[in-house]
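Comments concern the structure below.
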Amino acid sequence: MDEPINQRQRILARKAALWSERSSWVNHWRDISDYQQPRAGRFFVTDRNRGDKRANNILDNAAVFGSRTLAAGMMSGMTSPARPWFRLEIQDKDLMESGAVKAWLHDTAVLLRAMFAGSNTYRALHTLYEELGLFGTAATIVLPDFDSVLHHYPLTVGEYALGTNQKGIVDTLCREFQMTVSQLVDQFGLENCSDTVKNMYNRRQLDSWVDVVHMIQPRRERDYTKMDGKNKRFASCYMEPGRENFDVFLSESGFDVFPVLAPRWVVTGNDIYGTSPGMECLGDVKQLQHQQLRKGQAIDYQVNPPITVPTKYREAAKARLPGGVFYVDSQGSNQVVRTAFDVNLNLSHLMVD
């Protein structure tokens, strides 16, 4: 008789299914990252502090600046921190005519704007808009915070997977990332960590990295008579996937409302992930980089073409630099220093295109 599947096993099984579902998008996201925003995207759990992810494929920054312009435009047009970008109303139009109701709604809106300004909301929203324009899908987790009331944890494409309900609304987010030993102990307490983490902590290996899986999904089995975190509408579970005790979480809590903002640019049919301007212009971006490469090569041929030099002047290489002087005998045409071939490339068509 098969052993019953515990909750951790169910979560890891769903994580594998979500990762499989998004797999066909990963190569497209990688291309966008390589050609438009190299530091965006985390496609392996060990992808962190990737200083080596440089803009080696980018010879023309038009797409990079375009992405930033799009994000800035969305920020200033929809959620500008410099102006009141929202107001509160209630559905009862008659009650909205009450002066006391209007005053309460106004004061509450002012308080919310102050709360957003005092947290990292606006920085996170700008990151969200940039990811949305590039990859068609973006996500940030919004959690309560003692110091600033709320705190955003913006994610980048590749480190998370999404799931939707029957209406096509995102209701599940799973992410796999790494935390240091000190971060794990500070957030979850030493007693909730695995023996491996406890040993590293006792040896003061505080900056060692540990794999963590975080699943936020609807809780389908709960006690409706209780209001504790383990019986909220949405479950939030942190775990070490390689933990020795396979039936213990780092943390198990929940939320009444799905604590994730996961906008998608354009969704086709029942797709979970969106398409974006970054996807639509990827071919143009690659063509632009290729043309810039060829233009640079053509200019280089004209400015510094290959030349033929008599072998007797082999040691006079420095004389060929700007300002150098060659002393040559004029007897015989084979003694003349000349270019290997005349380079006169017409760049006008390339520049116009």
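The values are calculated or read from the model by the stated rules, or taken from the named source; none is laboratory data. Bear in mind that the values here come from a model prediction, so they are computed numbers and not experimental data. Cβ coordinates were reconstructed from backbone atoms using ideal geometry, including for glycine residues, and neighbour counts include every protein chain displayed. The area values use the complete protein model at the heavy-atom level, side chains included, leaving out ligands, DNA and RNA. Shrake-Rupley method; radii C 1.70, N 1.55, O 1.52, S 1.80 Å.
Going through the stretch 268-306 one residue at a time, which ones are part of a loop (DSSP other than H, G, I, E, B), open to solvent by 60 Å² or more (accessible area, probe 1.4 Å) and touching a residue at least 40 places away in the same chain (Cβ under 8 Å)?
Answer for the stretch 268-306, where residues must be part of a loop (DSSP other than H, G, I, E, B), open to solvent by 60 Å² or more (accessible area, probe 1.4 Å) and touching a residue at least 40 places away in the same chain (Cβ under 8 Å): just ASN270.
Do we have any residue at all in the stretch 21-36 that's assigned to a loop (DSSP other than H, G, I, E, B) and under 13 Å from the mean Cα position of the chain (by Cα)?
Within the stretch 21-36, not a single residue is assigned to a loop (DSSP other than H, G, I, E, B) and under 13 Å from the mean Cα position of the chain (by Cα).
Which members of the stretch 252-261 meet the condition of being open to solvent by 20 Å² or more (accessible area, probe 1.4 Å) and either over 30 Å from ASP195 (Cα atoms) or assigned to a loop (DSSP other than H, G, I, E, B) (or both)?
Across the stretch 252-261, the qualifying residues are ASP256, VAL257, PHE258, LEU261.
Any idea which of VAL285, VAL328 is farther than 29 Å from HIS152 by Cα and at pLDDT 90 or above?
The conditions single out VAL285.
Please verify whether the stretch 236-251 includes one or more residues that are in contact with a Cys (Cβ under 9 Å, 6 or more places away or on another chain), farther than 26 Å from LEU134 by Cβ, outside any loop (DSSP other than H, G, I, E, B) and open to solvent by 20 Å² or more (accessible area, probe 1.4 Å).
yes
Would you confirm, using the coordinates I've provided, whether ARG14 is in contact (Cβ under 8 Å) with a residue 12 or more places away in the chain, among the basic types (Lys, Arg), in contact with a strand residue (DSSP E or B) (Cβ under 8 Å, 6 or more places away or on another chain) and outside any helix (DSSP H, G or I)?
no
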